[in-house]
Amino acid sequence: MAEETVSIEEESDLNLSVEDLMYEVPVSRSRGQVVLHPTREQYLETIDKLSDDGFNVCIDITAVDYLEEPERDTPSSIALERFEVVLNLLSHMKKERIRIRVQIPEADPVIPSAFDFFPGTEALEREVFDLFGIEFEGHPDMTRILMPENWNGHPLRKDYDVGEIPVQFKDAPGAG
Amino acid sequence: MLPEQVEDVLMAQKEDIINKDLAARVFRRGEDSAILRMSESEIQAYKPTDDRRMVVNMGPQHPSTHGVLRLSLEMEGESVLRSKPIIGYLHTGMEKTGEQLSYLQGATNVTRMDYSSPLFSELAFSLATEKLLEIEVPERAVWIRMLMCELNRMSSHLLFQATNGMDIGAVGAMIYGWREREEVLRLLEMITGLRMNHNYIRPGGVAADLPDGWRDDTLRILDNLPDRLDDFDGLFTGQPIWHERLQGVGVINAEECLALGVIGPLLRSTGYAWDLRKDMPYLRYDQVEFDVLVGTYGDCFDRFAIRLNEVRESMRIVQQIVEKMPTGDYRIQDKKITPPPRTRIDESMEALIHHFKIFTEGFKVPAGEVYVAVESPRGELGCYIVSDGGPKPYRMHIRGPSFTNLQVLPHMLQNALVADAVAVISTVDPIMGEVDR
């Protein structure tokens, strides 16, 4: 299993000023993996600091809809919202990963795009837009990517039904 | 130079690339005109002002697109100016499906994403689940997983040789590649019961122990394959026609790859050594010896050569695994996760209840979220799982390497001929099942 924890000695290199702050935003550990919790306003600033600090590849962007499960494992200072955008960064020099989780309110599902830092987020952000309806401000091409262009709704939201096709057995009463 | 010195030089090169990349941030908006950034309807309505230009749709049924990839190419004569990959034709909502299935069923779902290297998705999913459960699988299970993954890497790269040859017009390659791949698949079938979509690696270990005779069959493949790989070298690597078609085509550099989040053989073909198996070892890759292969020019030929030689590296690893395979359990003996053995069910009521509970309800996973990545034949395959404490993942996301790799296509295709587009798509080797999920 990939070693993703940061040991105590290394933490001091990561500008650790207060115990639960890293890069000036609240930090938590999830099964040993480092998770940063910036606000939407701090989001780009945090990415900038991280990329200056050697986190040179944006591996993944995704989102989670916490509609049915509002409780979650975050530092107490974070105001919980319905959506969370999750960004995974990787540092090739340090061989470390770091994760950023940003709270996005349901009423205003908008977040700045990380395209200027990592152009590779283009398709990933389009996917999140398509499946969750979270808009990325400043993205050069905010269109649907997986679903058809004229589709209604955002399938990975929890209030979007799975949908089913009723099965009609041949010998069932009422079957033609 | 001493090996340590070589390492230092490579490290310095790497650091240089990263610094350059972060300073320049290559594909800044506006400077970049390789991508045709328009929606599908806009592309349909688009009339270029210059009447020598036109928009051509390649795919989704084009045979070289490995499934259903559609490329909208803006062309001037024979050369491509801007392009855009249009995807989604295979989208079946597998991440949504993953939320409806228990952790035990989840592997069946993810294995259908990248259908030419299914074991890697199963591995990423299982490792993520195990990390959430905070359990360690038995040593033998870990080595079986490694064995299966390396065999799968071989079959996947051999499939690449087949399809790549076919796309470029060397139909012989298709026959050879398919034949070798089938040999490996036969071994996988003997072990897992299925040629593809194995559902073999599951949370808690693997589905079954290695069958009798696995060692002989594996060694037979290792004996036969080197000669066959030399055939590939004879037929392609040294051939002038092959060089003409591939060398200098679809060139990309390391900075561009890093900026676009592209890792795997594509990044290694540019001369940048990054392999999760080596750099952030998972399973027991730190206990086997192998080399990370890198190219020089980042062109189609390098990508072809890297994949061909990675088969040889995988064979080296398989050889070591066969020698080191430990004895013991093939799955964890935790009654909460693993169903009781068949014989116990006849004797004990509790075992029967346990068995029933595990298969109807599934096991519960403590709340939390993790991201775990493995090196698939196409790059980093990651799995992000959020658990709410129930028997089903609250959210299951797979980071498919093919999905991000597709983003390099417009940059590789810019100013290339349309005939080269086929070679470029082919050597990027996207698996559309994983792109669309």
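The values are calculated or read from the model by the stated rules, or taken from the named source; none is laboratory data. Just so it is clear, the structure is predicted and the values come from calculations on it, not from any experiment. When we count neighbours, we look across all protein chains shown, and the Cβ atoms used for this are built from the backbone with ideal geometry, even at glycine. Ligands, DNA and RNA are stripped out before the accessible areas are found, and what is left, the full protein with its side chains, is counted by its heavy atoms. Shrake-Rupley method; radii C 1.70, N 1.55, O 1.52, S 1.80 Å.
If I filter region B:421-431 for residues that are more than 26 Å from B:Arg312 (Cβ to Cβ), modelled with pLDDT under 90 and either open to solvent by less than 10 Å² (accessible area, probe 1.4 Å) or within 13 Å of the chain's Cα centre (by Cα) (or both), do I get at least one hit?
Yes, the conditions are met somewhere in region B:421-431.
Given the condition under 23 Å from B:Ala423 (Cβ atoms), more than 11 Å from every other protein chain (Cβ to nearest Cβ), open to solvent by 10 Å² or more (accessible area, probe 1.4 Å) and small (Gly, Ala, Ser), answer yes or no: does some residue in region B:104-118 qualify?
Checked against the condition, which is being under 23 Å from B:Ala423 (Cβ atoms), more than 11 Å from every other protein chain (Cβ to nearest Cβ), open to solvent by 10 Å² or more (accessible area, probe 1.4 Å) and small (Gly, Ala, Ser), region B:104-118 yields no hits at all.
Per-residue answers, yes or no, for (1) aliphatic (A, V, I, L, M); (2) surrounded by 17 or more Cβ atoms within 10 Å (Cβ to Cβ); (3) farther than 30 Å from B:Arg245 by Cβ:
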residue	(1), (2), (3)
B:Thr343	no, no, yes
B:Leu352	yes, no, yes
B:Lys357	no, no, yes
B:Glu369	no, yes, yes
B:Ala373	yes, yes, yes
B:Asn415	no, no, no
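One line per residue, one yes/no per condition, for (1) of a type in the set (Phe, Trp, Tyr); (2) closer than 30 Å to A:Ser51 by Cα; (3) open to solvent by 60 Å² or more (accessible area, probe 1.4 Å); (4) without any contact (Cβ under 8 Å) to a residue 12 or more places away in the chain:
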| site | (1), (2), (3), (4) |
| --- | --- |
| B:Ala273 | no, yes, no, no |
| B:Pro281 | no, yes, no, yes |
| B:Glu289 | no, no, yes, no |
| B:Phe304 | yes, no, no, no |
| B:Asn309 | no, no, no, no |
| B:Lys336 | no, no, yes, no |
| B:Pro339 | no, no, no, no |
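Please work out if A:Val64 is β-branched (Val, Ile, Thr), within 9 Å of chain B (Cβ to nearest Cβ), farther than 19 Å from B:Gln407 by Cβ and touching a strand residue (DSSP E or B) at 6+ places or on another chain (Cβ under 7 Å).
Judged against the criteria, A:Val64 is a match.
Determine, yes or no, whether B:Gly204 is closer than 15 Å to B:His157 by Cβ and in contact with a Leu (Cβ under 9 Å, 6 or more places away or on another chain).
Considered against the rule, which asks whether it is closer than 15 Å to B:His157 by Cβ and in contact with a Leu (Cβ under 9 Å, 6 or more places away or on another chain), B:Gly204 comes out as no.
So which of B:His397, B:His355 is within 21 Å of B:Thr97 (Cβ to Cβ) and in contact (Cβ under 8 Å) with a residue 12 or more places away in the chain?
That would be B:His397, the only listed residue that is within 21 Å of B:Thr97 (Cβ to Cβ) and in contact (Cβ under 8 Å) with a residue 12 or more places away in the chain.
Hey, among B:Leu258, B:Leu283, B:Leu266, which residue is part of a loop (DSSP other than H, G, I, E, B) and under 30 Å from A:Leu124 (Cβ atoms)?
B:Leu283
Working only within region B:171-220, note down all residues that are at pLDDT below 85 and surrounded by 20 or more Cβ atoms within 10 Å (Cβ to Cβ).
Result: B:Ala173, single match.
Scan region A:67-80 residue by residue and report those that are away from chain B (no Cβ under 13 Å), closer than 14 Å to A:Pro105 by Cα and loosely packed, with under 15 Cβ neighbours inside 10 Å.
The answer is A:Ala79, A:Leu80.
What is the one condition in (1) at the interface with chain A (Cβ under 10 Å from one of its Cβ atoms); (2) open to solvent by less than 10 Å² (accessible area, probe 1.4 Å); (3) closer than 30 Å to B:Arg82 by Cβ that B:Gln407 does not satisfy?
(2)
Can we say B:Thr327 is open to solvent by 30 Å² or more (accessible area, probe 1.4 Å) and either basic (Lys, Arg) or part of a helix (DSSP H, G or I) (or both)?
no
Within region B:66-81, how many residues are within 25 Å of B:Gly433 (Cα to Cα) and touching a strand residue (DSSP E or B) at 6+ places or on another chain (Cβ under 7 Å)?
5
Condition first: touching a residue at least 24 places away in the same chain (Cβ under 8 Å), at the interface with chain B (Cβ under 7 Å from one of its Cβ atoms) and either of a type in the set (Ser, Thr, Tyr) or open to solvent by 10 Å² or more (accessible area, probe 1.4 Å) (or both). Now tell me which residues in region A:25-53 satisfy that.
A:Ser30, A:Ser51
Among the residues of region B:43-76, write down those that are under 23 Å from A:Gly120 (Cβ atoms), within 14 Å of another protein chain (Cβ to nearest Cβ) and free of Cβ contacts under 8 Å to residues at least 40 places away in the same chain.
B:Arg70, B:Ser72 - these are the residues of region B:43-76 that are under 23 Å from A:Gly120 (Cβ atoms), within 14 Å of another protein chain (Cβ to nearest Cβ) and free of Cβ contacts under 8 Å to residues at least 40 places away in the same chain.
Does region B:239-256 contain any residue that is open to solvent by 30 Å² or more (accessible area, probe 1.4 Å) and of a type in the set (Lys, Arg)?
Yes.
Name the helices (runs of 4 or more DSSP H) wholly within region B:49-136 that hold at least 2 residues that are of a type in the set (Phe, Trp, Tyr)?
B:118-133
With more than 15 Å from B:Leu258 (Cα to Cα), more than 10 Å from the chain's Cα centre (by Cα) and surrounded by fewer than 24 Cβ atoms within 10 Å (Cβ to Cβ) as the only criterion, which of A:Phe129, A:Phe117, A:Phe83 stands out?
On inspection, the qualifying residue turns out to be A:Phe129.
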